[in-house]
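A quick write-up on the structure given underneath.
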Amino acid sequence: MKRVSIFGATGSIGQNTIDLIARAPDDYHVVALSGGRNVAQLAEDAIKLRAEVAVTAYAECLPDLRAALAGTGIEVAAGEAALTEAAARPADWVMSAIVGAAGLAPGLVALQQGAALALANKESMVCAGPLIMETARAHGGAVLPVDSEHSAVFQALVGERIEDVERIIITASGGAFRDWPLEQLAQATPEQAATHPNWDMGQRITIDSASMFNKALELIETHEFFQIDPAKIEAVVHPESLIHALVGFRDGALMAHVGPNDMRHAIGYALHYPERRALPVERLDLVAIGQLTFRAPDEIRWPALRLAREVMAAGGLAGAVFNAAKEQALDAFIDRRIGFLQMAEVVETVLDRLSAHAGNMNAVISLDNVRQADHLARVTADDYMRNG
Ligand code: NDP
Ligand code: MG
């Protein structure tokens, strides 16, 4: 029996993970499930999967969670410390699917226990890629990509040598505003941005897809995950979202990963790695699909891509600053305090302001330093949004 924990169990990735695990209940012992405010879902799944412990990230949600699980024998806990305590419980496989920088600490703790970490939380890689990889190495664990593009690259690299890789191309759907006239983007609302042409995902990543901040994070994630020179990493707009990534080798071959828009593929690959097992995903009918198309990403429409290049060039804590500024700007957009195009402006301003002092970005990538950079970036973003 594989011992598994799922952080962010109530979210889109978490629910897809639970779907796979619930299909083979005898194969898994569920150690910990975590959620945020969706206590009813967390309790339902904890009972269904007979989890040892259910943790909500928020202390104020604990009474409801306790009530929902009374008499079941399932432990309950709340808060940040409880999340890391749950991550320290021995498990073979841990899904990191909390959204945002909050996912970093539990993932690191799971790696310190030697678990295989299935990483959906791309923010961890953006904020602290070297720390994540080093922690996995030091404790004999593994980091398995769950982001569809990175899972695709990972699969294309099986049996290959990284020295033979000439380029990595990750695809982008282009998000909700791919075909909008540029002049309308300033008026785009959070509701419009939160609809995705191809994928069904959480609200935040869907809006990040429309702004291309998601792809920007993924460029950095690719660089960190595969230790590959940023100049070899490209993003291309592929509206059908069926090719997730391509790896180009020195002999000119391109290995493409093609699959349906269903995160259960990448999650299942990470769950069963290094084996492949049957998965309940659609089989593509290529003739019905007919054609796959590609376009160059427009850096005027999507300045986030340019910012990602600047972050990779800067290195150090620039990723943590970038991610935190983006999270803050996204909150402000969702609350209608800033417009859609202002998100990139906020992030660029924060990067500029903080890079003026080398100490802000050049410190060693430790959890404490990442937290400090994250905090400073949020304060700087808020100050800019309030006072200019
Ligand atoms: P959702 O918003 O659907 O779910 C987020 C999860 O995190 C929920 O369980 C939520 O709890 C919990 N959560 C939210 N805030 C906090 C916090 N501060 N502390 C602890 N837990 C918290 O997100 P997704 O599932 O879409 O995405 C999860 C991660 O996976 C993100 O990093 C995303 O970029 C990545 N990813 C997602 C993909 C997708 O298809 N959805 C594809 C590739 C990557 P609750 O809802 O109970 O409040
Ligand atoms: Mg992705």
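The values are calculated or read from the model by the stated rules, or taken from the named source; none is laboratory data. Predicted, not measured: the structure shown is a model, and the values here were computed from it. Counting neighbours? That spans all protein chains shown, and the Cβs are built from the backbone with ideal geometry, glycine included. Side chains are part of the model used for accessible areas, which takes the heavy atoms of the whole protein and leaves out ligands, DNA and RNA. Shrake-Rupley method; radii C 1.70, N 1.55, O 1.52, S 1.80 Å.
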Residue-averaged 222 nm ellipticity for the chain, from DSSP H runs of 4+ at -39500 (n - 2.57), nearest 500: -14000 deg cm²/dmol
Where does the charge balance sit around residue 347 when Lys and Arg score +1, Asp and Glu -1, over other residues with C-beta under 12 Å from its C-beta? -2
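When ligands, DNA and RNA are left out and all protein chains stay put, how many square angstrom of accessible area per residue does segment 315-387 have with a 1.4 Å probe?
Details: 3260 Å² over 73 residues.
Per-residue value: 45 Å².
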What's the carbon and sulfur percent of segment 293-383's accessible surface, probe 1.4 angstrom, rounded to a whole number? 53 percent
Where only protein heavy atoms count, and the probe is 1.4 Å, what is the accessible area per residue for segment 151-260 in Å²? 39 Å²
If you roll a 1.4 Å probe over the heavy atoms of the protein chains, what accessible area per residue do you get for segment 2-145, in Å²? 37 Å²
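With all protein chains present, how much of the accessible area of segment 2-145 (probe radius 1.4 Å) comes from carbon and sulfur, to the nearest whole percent? Before the final figure, lay out each step's value.
Values: 2720 of 5270 Å².
Carbon and sulfur atoms account for 52 percent of the accessible area of segment 2-145.
Give me the percent of accessible area attributable to carbon and sulfur for segment 151-260, probe 1.4 angstrom.
Values: 2140 of 4250 Å².
Looking at segment 151-260 in its full context, I get 50 percent from C and S.
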